[in-house]
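Just below is one structure, and these are the notes that go with it.
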Amino acid sequence: MTAPARPLTERVLARLGRPRLLWMLVWGMLSFAAYEVSFRVFQVPTYPGRMAAVSSAYVNLLALWAIAKVTADLEAIRPLVQRLTGGTAGTNLWLFQAAEGVAGPVAMGVMLTILWNMVDFVRYPGPVTAILIPIMFAAWLPAEAALWFFGALLVGLHRLGRMSLRLTPFEEDRSLGLRPLGSVAFTSFVVLTAAVLPLLATQWHDPRGAVTNLLFFLGFVALFFASLHGLHRQMVKAKAAILEQTHHLYVEAFRPIRAQWSLESAAEQSARLTAAEAIERRAATIQEWPLDEGLLARLAAIVTSVVGVILARLILSRFGL
């Protein structure tokens, strides 16, 4: 049996042991504590402000929780992915292996630490800004691990959509068995959006923070739709083929009536016509995306809200507000 996927944060928490919740709180609050102590005690001028410090704790705590949740979801859908691919992807499926990446989030952490903390040290050299470099590297690892984890997951779903999948019959499932994959992708997008929004709101006047977070959000919007495009394409193709088959059933059921044009002939074929119509109606409800219609509406609302926030901040910033 394949071992469960172990993302970076899950590995660290497993090493720390119990109580797990306490370690999650300590790790998630580390950035906030470092910001507050460096400013309140040492008056370091790189303090980003109370709201930004609070947002950092929120983002890291959200990342720790979300990675744990989606890791469990991935294990639950592992048999589904194996069935969809007919086992051709192997037991160590890359969709799950990507979640175990360590070098990726560490490299991302190094780059962002250089962008923020190393630059801050160069601007304000001193022992406190020097000590903040390794502390902030460790403090922001949950957020960076989440970016890597969910990004790799969406890329994996994109690769899965390019494979020839064994879809579930439509009479069993309107999503052709793909709804759990869409749910994981949607959860990934919601978590990333929920993390980026407060950072955009609190770091708008910091060019580094505003540009970085905006690029991350736009990148994940594009990656989210790209991750589901292959699945969407296969669902549309399957739906068209099924509709063609059901339409053929209806035509065949109607053919004897057209040949005689009598009530007796219509009565004889009524059962076949009713069945053909029912099958055709059912086929017409097949989903074209691996998401429920309600989720699509919520996704549109989320994207609209984020765009609205960004535009509002742009307009306000031009007036110096």
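The values are calculated or read from the model by the stated rules, or taken from the named source; none is laboratory data. The structure displayed is predicted, hence computed values, not measured ones. All Cβ positions, even for glycine, are placed from backbone atoms using ideal geometry, and neighbour counts span all protein chains on display. Only protein heavy atoms, including side chains, enter the accessible area calculation; ligands, DNA and RNA are left aside. Shrake-Rupley method; radii C 1.70, N 1.55, O 1.52, S 1.80 Å.
When the P(r) of the range 13-63 is calculated, the portion above 16 Å amounts to 44% of the C-alpha pairs. In the context of the full set of protein chains, the range 44-89 has a per residue accessible area of 39 Å² (1.4 Å probe). If R0 is taken as 25 Å, the Cβ-Cβ distance between residue 278 and residue 301 corresponds to a FRET efficiency of 0.15.
With one equal scatterer per alpha carbon and no solvent term, the Debye-computed log10 I(q)/I(0) for the range 1-88 at 0.16, 0.19, 0.20, 0.22 1/Å reads -0.74, -0.89, -0.94, -1.03. Here r is the Cβ-Cβ distance between residue 133 and residue 162 and R0 is 41 Å; the resulting FRET efficiency, rounded to 0.05, is 0.50.
Using a Förster distance of 25 Å, how high is the FRET efficiency between residue 65 and residue 18, based on the Cβ-Cβ distance and rounded to 0.05? Present the calculation step by step, with values, prior to reporting the outcome.
Values: r = 17 Å, r/R0 = 0.69.
The calculated FRET efficiency here is 0.90.
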